[in-house]
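This report refers to the structure that appears directly beneath it.
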Amino acid sequence: MRDICLPARFFFWKEIEDKVMAFLRHIYKSFPNKTVLEDVDLAINRGEVVALIGENGAGKTTLLEILRGKLKPDAGSVQVSGVVGYVPQEAVLGKTIRQSFSATTQSWQINYALGRTGLGDKNLSTPISVLSGGQKTRLAFAGVLAQDPEPSLLLLDEPTNNLDANGLVWLADFVRSFDGAVLLVSHDREFINNTATKIAELHNGKLTQYGGDYDFYREQKGLEEAAARMRYQQNIEERSHLTKAITAQRENSKHAHEHFKSSDNDKMQNHYFKNRVTVKYGKQARMLEKRLDQLEEVERPEFAKDYRIVLGGEVDSGKLVLSLNEICKGFPEPVLDSVDLEIRGGERVHVQGKNGSGKTTLLTIAARQSNPDSGEVSYGTRISVGYFSQNVDGLDHHTTGLNNLVATEAQMTDIFREARSLELTDTDLKKPVSELSRGQQAKLGFAKLLLGSHHLLILDEPTNHLDIPTREQIESALLQYRGAVLFASHDKYFAQKLKPTKELQL
């Protein structure tokens with residue numbers, strides 16, 4: 001048989017094809033009254049972990065659905081090689097571990113997948129109801145890994161939800177070691193830092209890519225924003241300069257024409273020189289107008305139109321705000337055993353622990369939303385306490401968002417200011433709370449908290465379902481806040497930004 005000699009470029013392009021797991025080119029997608037994706041290009045290569053970020057509603061889920069083949073773009077091409085595995089935010093599981101897998105999945109595949117996700121010691125008949133939130137997340141991963149053939153491209157939609165510190169370590173290790181490519185949607189900046197090799201940001205329908213992790217992206221984004229502000233300011237100054245120069249030339253022309261007189265009072269000579277001066281100034285003015293017309297129009301940067309969250313509720317640094325004395329609680333086994341805590345004005349206390357360690361129980365007791373089995377909870381004199389639950393329990397879902405905020409008896413100007421600071425539009429506020437997304441409900445709950453001017457804020461996983469821009473707004477507000485904060489959060493980036501003055505380990 002004769003040997004077949006193939007050109008070197010064949011092997012080059014074959015290597016490229018083997019490396020590219022997914023390729024989106026010139027993708028457009030619109031829904032009624034909104035363009036979500038506009039001329040989007042994205043290549044996902046083997047070995048890459050791409051973090052897809054953007055504000056809620058930016059189109060991240062739409063992009064995932066297009067990659068999954070569940071949604072067709074209005075225009076553009078989609079190429080996906082290999083098998084796609086998808087882990088949604090809220091996976092649909094069966095009543096038992098076995099029922100959470102496809103009926104056609106064989107036992108060896110299930111055991112293999114459970115072993116890879118750290119659930120190898122679980123019996124297949126184990127009820128889902130006894131699993132923690134983190135274990136349910138791992139089971140959702142196992143369901144995807146049990147596919148035959150195994151996925152080579154993983155699409156993960158908010159995979160860090162419900163994971164405690166140990167679960168986050170496991171997931172980061174899993175993602176980094178995955179033999180394929182990963183596209184993940186996440187608002188967890190610490191997790192992105194620990195896993196991502198590339199950032200893809202969706203904003204106003206456009207996709208911008210940055211090599212590196214979240215911190216590198218934020219640094220580059222800051223440089224871009226500073227450059228955009230400078231370009232805008234320079235453009236404004238140049239336009240003002242040219243406009244003033246044009247006005248001056250026309251005034252000079254008018255003045256010269258009206259007041260020019262020759263020394264010998266010759267009318268013809270006077271008329272001749274007046275026309276020459278007018279032409280001269282007119283020509284200079286036209287040249288300046290041409291420069292003004294040719295000057296590029298620079299759009300005002302969006303971040304120049306910013307609304308800042310305002311937190312009231314200042315309290316003296318030495319004043320006692322909250323005291324917990326020998327708090328005990330059991331269900332029926334002890335969850336909290338003789339917990340003591342004292343918080344004074346200005347302190348920020350971070351409650352840490354694994355899922356099930358009693359963090360939420362302690363916060364509800366501190367907020368007097370539930371009672372301890374024994375122990376005492378006391379507040380300082382004239383201390384107002386605001387409580388934010390991870391399920392946003394403090395909202396009336398049967399009325400509008402605006403009515404929920406009006407119930408705080410705050411001024412309407414303050415209500416709309418805080419709503420705008422959290423990117424809640426007038427349209428959002430007119431909707432019943434039940435029609436808002438989980439992210440919008442979380443923003444509404446936080447806006448309601450802000451309007452109370454509380455001296456103590458008790459926050460249980462306050463960043464759940466919030467996009468990164470909103471998290472950064474809240475961080476900035478809490479850093480300026482002069483009251484006290486007691487909070488529990490698996491968002492390590494958020495916790496570090498708040499610079500806790502105390503930590504309580506459960």
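The values are calculated or read from the model by the stated rules, or taken from the named source; none is laboratory data. Nothing here was measured: the structure is a model prediction, and the numbers come from that model. Please note: Cβ atoms are built from the backbone with ideal geometry, for glycine as well, and neighbour counts cover all protein chains shown. Calculation scope for accessible area: heavy atoms of the full protein, side chains included, ligands and nucleic acids excluded. Shrake-Rupley method; radii C 1.70, N 1.55, O 1.52, S 1.80 Å.
Selection over the stretch 69-92 of residues that are of a type in the set (Asp, Glu) and either over 18 Å from Ile27 (Cα atoms) or not in a loop (DSSP other than H, G, I, E, B) (or both) gives a count of 1.
As a summary of the residue check, Ile44 satisfies the conditions (1) out of contact with any helix residue (DSSP H, G or I) (no Cβ under 8 Å at 6 or more places or on another chain); (2) closer than 16 Å to Leu156 by Cα; (3) not in a strand (DSSP E or B) except for the one numbered (3). If a residue must be more than 19 Å from Phe178 (Cβ to Cβ), of a type in the set (S, T, N, Q) and over 35 Å from the mean Cα position of the chain (by Cα), how many such residues does the stretch 81-113 contain? The total comes to 5. Restricting attention to the stretch 383-441, report how many residues are of a type in the set (Gly, Ala, Ser) and over 27 Å from Leu486 (Cα atoms). The total comes to 1.
If we keep just the residues of the stretch 388-430 that are touching a helix residue (DSSP H, G or I) at 6+ places or on another chain (Cβ under 7 Å) and of a type in the set (Asp, Glu), which is most open to solvent (accessible area, probe 1.4 Å)? Per the criteria, the residue is Glu423. In the stretch 194-208, the residues that are without any contact (Cβ under 8 Å) to a residue 60 or more places away in the chain reach residues that are open to solvent by less than 30 Å² (accessible area, probe 1.4 Å) with C-beta atoms within less than 6 angstrom, at least six apart or across chains, in these pairs: Asn194/Ala172; Thr208/Glu201.
Exactly one residue among Val377, Val351 is within 23 Å of Leu449 (Cβ to Cβ) and either assigned to a loop (DSSP other than H, G, I, E, B) or within 27 Å of the chain's Cα centre (by Cα) (or both), and that residue is Val351. Within the span defined as the stretch 53-63, one or more residues are assigned to a strand (DSSP E or B) and surrounded by 15 or more Cβ atoms within 10 Å (Cβ to Cβ). Confirm whether Leu479 is in contact (Cβ under 8 Å) with a residue 12 or more places away in the chain and either touching a strand residue (DSSP E or B) at 6+ places or on another chain (Cβ under 6 Å) or surrounded by 21 or more Cβ atoms within 10 Å (Cβ to Cβ) (or both). No.
How many residues are open to solvent by 50 Å² or more (accessible area, probe 1.4 Å), assigned to a strand (DSSP E or B) and more than 17 Å from Leu24 (Cβ to Cβ) if we restrict to the stretch 183-214? Residues in the stretch 183-214 being open to solvent by 50 Å² or more (accessible area, probe 1.4 Å), assigned to a strand (DSSP E or B) and more than 17 Å from Leu24 (Cβ to Cβ): 0 in total. There is no residue in the stretch 325-338 that is within 27 Å of Leu479 (Cβ to Cβ) and open to solvent by less than 50 Å² (accessible area, probe 1.4 Å). Only one entry in Arg231, Arg218 is in a helix (DSSP H, G or I), open to solvent by 20 Å² or more (accessible area, probe 1.4 Å) and farther than 15 Å from Ile53 by Cβ, namely Arg231. State all residues of the stretch 173-182 that are buried (at least 18 other Cβ atoms within 10 Å of the Cβ) and outside any loop (DSSP other than H, G, I, E, B); if no residue qualifies, say none. Phe174, Val175, Ala181, Val182 - these are the residues of the stretch 173-182 that are buried (at least 18 other Cβ atoms within 10 Å of the Cβ) and outside any loop (DSSP other than H, G, I, E, B).
Of everything in the stretch 112-139 that's of a type in the set (S, T, N, Q) and in a loop (DSSP other than H, G, I, E, B), which residue is farthest from Thr96 (Cα to Cα)? Applying the filter and picking the extreme gives Thr117. Among the residues making up the stretch 400-426, those that are over 17 Å from Phe388 (Cβ atoms), of a type in the set (S, T, N, Q) and at pLDDT below 90 are Gln411, Thr413, Thr425.
Restricted to the stretch 334-348, and to residues there that are in contact (Cβ under 8 Å) with a residue 60 or more places away in the chain and in a strand (DSSP E or B), the residue that is nearest to Leu498 (Cα to Cα) is Arg348. On the basis of being open to solvent by 10 Å² or more (accessible area, probe 1.4 Å), without any contact (Cβ under 8 Å) to a residue 40 or more places away in the chain and more than 19 Å from the chain's Cα centre (by Cα), does Arg138 make the cut? Against the criterion (open to solvent by 10 Å² or more (accessible area, probe 1.4 Å), without any contact (Cβ under 8 Å) to a residue 40 or more places away in the chain and more than 19 Å from the chain's Cα centre (by Cα)), Arg138 qualifies.
Of all residues in the stretch 86-124, which are touching a residue at least 12 places away in the same chain (Cβ under 8 Å) and aliphatic (A, V, I, L, M)? If the condition is that a residue be touching a residue at least 12 places away in the same chain (Cβ under 8 Å) and aliphatic (A, V, I, L, M), then Val87, Ala91, Leu93, Ile97, Ile110, Ala113, Leu114, Leu119, Leu124 are the ones that fit.
Here's the yes/no breakdown for (1) more than 19 Å from His490 (Cβ to Cβ); (2) in contact with a Leu (Cβ under 7 Å, 6 or more places away or on another chain); (3) assigned to a loop (DSSP other than H, G, I, E, B); (4) among the aliphatic types (A, V, I, L, M):
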{"site": "Leu311", "(1), (2), (3), (4)": "yes, yes, yes, yes"}
{"site": "Val315", "(1), (2), (3), (4)": "yes, no, yes, yes"}
{"site": "Pro332", "(1), (2), (3), (4)": "yes, no, yes, no"}
{"site": "Thr360", "(1), (2), (3), (4)": "no, no, no, no"}
{"site": "Arg368", "(1), (2), (3), (4)": "yes, no, yes, no"}
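List the pairs whose first member sits in the stretch 410-424 and is under 17 Å from His454 (Cα atoms) and acidic (Asp, Glu), whose second member is open to solvent by less than 10 Å² (accessible area, probe 1.4 Å) and modelled with pLDDT under 85, and whose Cβ atoms are under 9 Å apart, counting only residues at least 6 apart or on separate chains? Every condition considered, the pairs that remain are Asp414/Leu450; Glu418/Leu450.
Taken over the stretch 59-80, the criterion of being among the small types (Gly, Ala, Ser) and over 24 Å from the mean Cα position of the chain (by Cα) is satisfied by Gly69, Ala75, Gly76, Ser77.
Filtered by the rule that a residue be under 35 Å from the mean Cα position of the chain (by Cα) and more than 29 Å from Gln480 (Cα to Cα), the stretch 317-338 gives Val335, Leu336.
Quick check on the stretch 358-369. Is at least one of its residues under 30 Å from Ser434 (Cβ atoms) and touching an Asp or Glu at 6+ places or on another chain (Cβ under 7 Å)? Looking through the stretch 358-369, at least one residue is under 30 Å from Ser434 (Cβ atoms) and touching an Asp or Glu at 6+ places or on another chain (Cβ under 7 Å). If you go through the stretch 384-425 and keep only what is among the small types (Gly, Ala, Ser) and assigned to a helix (DSSP H, G or I), you end up with Gly401, Ala419, Ser421. Among the candidates Asn56, Asn45, the residue that is within 21 Å of Ile27 (Cβ to Cβ) and within 18 Å of the chain's Cα centre (by Cα) is uniquely Asn56.
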